[in-house]
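Presented below is the structure to which this report refers.
The values are calculated or read from the model by the stated rules, or taken from the named source; none is laboratory data. If you're wondering where the values come from, they're calculated on a predicted model, not measured in any experiment. Don't worry about glycine lacking a Cβ; one is built from the backbone with ideal geometry, like all the others, and counts go over all protein chains shown.
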Ligand SMILES: NC(=O)c1ccc[n+]([C@@H]2O[C@H](COP(=O)([O-])OP(=O)(O)OC[C@H]3O[C@@H](n4cnc5c(N)ncnc54)[C@H](O)[C@@H]3O)[C@@H](O)[C@H]2O)c1
Ligand SMILES: [Zn+2]
Ligand SMILES: [Zn+2]
């Protein structure tokens, strides 16, 4: 079968893999849409600690069940599904306490095993979620990043009427903005350095701040009588924003670090202690967040159409990764392996 393969640093090409046969309690999924994520960009740059070439990346994908090995009354051949790509061990303390998203041995389909940048993927049945009729295949492929946004907001202390600041208007920052609005945030400030992403944020009803021109800390303080934001989401992942998350947060407010830092950040713990700031981190999502993402997209409460910048056949894998290197023109790039 056709597969879009990561072969070495900054080198992806269309190639061939054996069509997988589903093992017991697995389904064979014919992939409809598969999105490129920041993690795929990390693999592409040759810096991902676990991914090994040759690899069909892609952990954000929707598809149709082509074959099932086993019995599961929930699924039939022909069902439209989306794959929750996390695979946990089921035995470590995190798994046993019902928190498989922080499993000691957490693996992802598309990182640790071949993923959605291929015509077919074999997936354990317990990782499948059915896609309702009102949710398109393209939107269903964004379930994973929407679930990240929902899990992140659920881990916050966000209360109705709160002021929120989001540092970074990439796909994840924007999804957190949409979710925080539904959760009752009064005003949501979001910063970025990309005019394209700032325009997108403004079109979604978020207060977009150009970090190249304005200081987000001064803007938010000026508009909150010097108090600052109740909840701050750090989604840009650099030392500038790691300082801003502290300076923009109100006394006794909460910071949620969503970013995966490429280098160890400098964190101003002294300033945090003087004002009793809380710092929370977040990883992936629980199955319940994944289910909520599906249902909120299906109902139209979360509309991801503005986040999709490109839809390409898998043959254009090189072009897709080139688009993603430029935040000025791209947000979510989707491949259609069976076009
Ligand atoms: N916690 C999790 O489970 C989880 C899941 C998915 C992604 N992430 C992480 O979340 C982060 C965001 O993901 P993404 O896909 O949106 O990435 P992205 O790179 O598309 O977005 C980051 C944005 O930050 C902007 N930025 C850079 N410098 C800035 C500055 N000084 N001020 C304001 N904005 C600035 C960039 O222009 C970009 O738009 C990444 O670090 C990613 O690894 C974490
Ligand atoms: Zn992802
Ligand atoms: Zn585990």
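Yes/no matrix, rows are residues, columns are (1) on the phi > 0 side of the Ramachandran plot; (2) more than 16 Å from ligand 3 (Cβ to nearest atom); (3) touching a strand residue (DSSP E or B) at 6+ places or on another chain (Cβ under 9 Å):
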| position | (1), (2), (3) |
| --- | --- |
| 279 | no, yes, yes |
| 283 | no, no, no |
| 298 | no, yes, no |
| 307 | no, yes, yes |
| 317 | no, yes, yes |
| 328 | no, yes, no |
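Among the residues examined, residue 164 does not qualify as free of Cβ contacts under 8 Å to residues at least 60 places away in the same chain, farther than 21 Å from residue 311 by Cβ and more than 14 Å from ligand 1 (Cβ to nearest atom). In segment 181-192, the residues that are in a strand (DSSP E or B) reach residues that are more than 16 Å from ligand 1 (Cβ to nearest atom) with C-beta atoms within less than 7 angstrom, at least six apart or across chains, in these pairs: 187/163; 188/181. A count restricted to segment 61-115 and to residues that are over 20 Å from the mean Cα position of the chain (by Cα) and either surrounded by 14 or more Cβ atoms within 10 Å (Cβ to Cβ) or within 16 Å of ligand 2 (Cβ to nearest atom) (or both) stands at 13. Taken across segment 305-324, residues that are assigned to a loop (DSSP other than H, G, I, E, B) and either more than 20 Å from residue 197 (Cα to Cα) or in contact with a helix residue (DSSP H, G or I) (Cβ under 8 Å, 6 or more places away or on another chain) (or both) do not occur at all. Out of 266, 256, 227, one residue alone is touching a strand residue (DSSP E or B) at 6+ places or on another chain (Cβ under 7 Å), surrounded by fewer than 17 Cβ atoms within 10 Å (Cβ to Cβ) and either at pLDDT below 95 or outside the structural domain of residue 81 (by TED's automatic domain parsing) (or both). It is 227. Of the residues making up segment 1-35, just one is within 16 Å of ligand 1 (Cβ to nearest atom) and closer than 15 Å to residue 315 by Cβ, namely 34.
Considering (1) touching a helix residue (DSSP H, G or I) at 6+ places or on another chain (Cβ under 8 Å); (2) within 16 Å of ligand 3 (Cβ to nearest atom); (3) over 27 Å from residue 302 (Cβ atoms), the lone condition that residue 96 does not fulfil carries the number (1).
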